[in-house]
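Here the structure comes first, spelled out in structure tokens, and everything after it is commentary.
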Amino acid sequence: MEPIIETHDLTRRFGNLTAVDHLNLSVPAGEIFGLVGPDGAGKTTTLRMLCGLLDPSEGSARVAGHDVAREPQAVKDRIGYMAQKFGLYLDLSVDENMNFYADLFGITGAERQTLAVRLLHMTRMEPFRDRQAGRLSGGMKQKLALMCTLLHRPQILFLDEPTNGVDPVSRRDFWAILYQLLKDGITILMTTAYLDEAERCNRVGLMHRGKLIRCDMPETLKRSQGAANMEAVFVQTVRAAEGMGTDDDKCSTIT
């Protein structure tokens, strides 16, 4: 199967700093691919190049069959990009923000109404249509940003740490939405700082200092570490965190 996202020695330099260093990546359609790495690893720079927002210093990238450097507009027409700080208008309501972005994408009439209803239902945001974006919780803001990103029916979704700083319940809801989008045929490439989220991806790429150092399925990467992986599950989590557990506390350890 021909990859829907592909890079060949993709490189970006800022002066003497090489932010992305000869990155070779191949992502087939219908996959959730996660880029994982510390701050400064080059994840955001990679996404910006794949979206046609930043020219590569060297190498090439193709997204949805188009060269990102030579055909940036064709790429932008086929993708949705959700940055770490999405451009919501805090003084506008949920509906008004969605209408604004629908206008930008040229979505009108019955198509706009159908999409809005579907997205609001999928994200469970119907009760908050009239609430100003500035009065939404962090998780709700991310849902609104995602809805605005999806209004033009993109083939590919680029998400830059979409759940960073979001509470655990909202993170769970957000991932349920991503899996639904995957079923709808959308390919997702995301960056994340959370290892538990990386495990939910079909494949993971580990980046360090601009280089892709490993790329495989999460389970394969864990098995290749050559050491036992352990997970502790506590019923009384608060007492466990305080170091006050007793013999009566139920605890299971999985290797």
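Since every read-out is calculated from the coordinates, none of them should be taken as a lab result. The structure displayed is predicted, hence computed values, not measured ones. Cβ coordinates were reconstructed from backbone atoms using ideal geometry, including for glycine residues, and neighbour counts include every protein chain displayed.
Quick check: from the Cα gyration tensor, does the chain come out rounded (a/c under 1.5), prolate or oblate?
oblate
Taking the Cα centre of the chain as origin, work out the dipole magnitude from +1 charges on Lys and Arg Cβ and -1 charges on Asp and Glu Cβ, in debye rounded to 20.
220 debye
Please rank 85, 43, 141, 211, fewest neighbouring Cβ atoms within 10 Å first, as an exposure proxy.
Ordered by Cβ neighbours within 10 Å, fewest first: 85, 211, 141, 43.
In the chain, with Lys and Arg counted as +1 and Asp and Glu as -1 at Cβ, which of these residues, 149, 34, 69, has the Cα nearest the positive end of the dipole, that is, farthest along it?
Working it through, the farthest residue towards the positive pole turns out to be 69.
May I ask you to derive the relative contact order of the chain, considering only C-alpha pairs under 8 Å and at least 6 residues apart, and to give it as an integer percent?
Relative CO of the chain lands at 24 percent.
Would you work out which of 113, 164, 19 lies farthest towards the positive end of the dipole of the chain? Charges go on Cβ: Lys and Arg +1, Asp and Glu -1.
Result: 113, furthest along the dipole toward the positive end.
Within the P(r) computed for region 63-129, what percentage of the Cα pairs occupies the region above 17 Å?
For region 63-129, the fraction of Cα-Cα distances above 17 Å is 56 percent.
For region 15-29, just list the computed ³J(HN,Hα) in residue order, Karplus coefficients 6.51, -1.76 and 1.60, θ = phi - 60°, integers in Hz, with x standing in for Gly and Pro.
x, 8, 8, 9, 6, 10, 10, 6, 7, 10, 9, 9, 10, x, 5
So how do 32, 177 line up by other beta-carbon neighbours within 10 Å, fewest first?
Ordered from fewest to most neighbouring Cβ atoms within 10 Å, 32, 177 come out as 177, 32.
Which order results if 114, 123 are arranged by neighbouring Cβ count within 10 Å, fewest first?
Sorted ascending by nearby Cβ count, the order is 114, 123.
Given the rule -39500 (n - 2.57) for each run of at least 4 DSSP H residues, summed and divided by the residues of the chain, what is its mean residue ellipticity at 222 nm, to the nearest 500 deg cm²/dmol?
-9500 deg cm²/dmol
State which entries of 143/222; 76/141; 43/85 exceed 21 angstrom in Cα-Cα distance in the structure shown. Please list the in-between numbers first.
Details: 143/222 31 Å; 76/141 23 Å; 43/85 15 Å.
As for pairs spanning more than 21 Å Cα to Cα, those are 143/222; 76/141.
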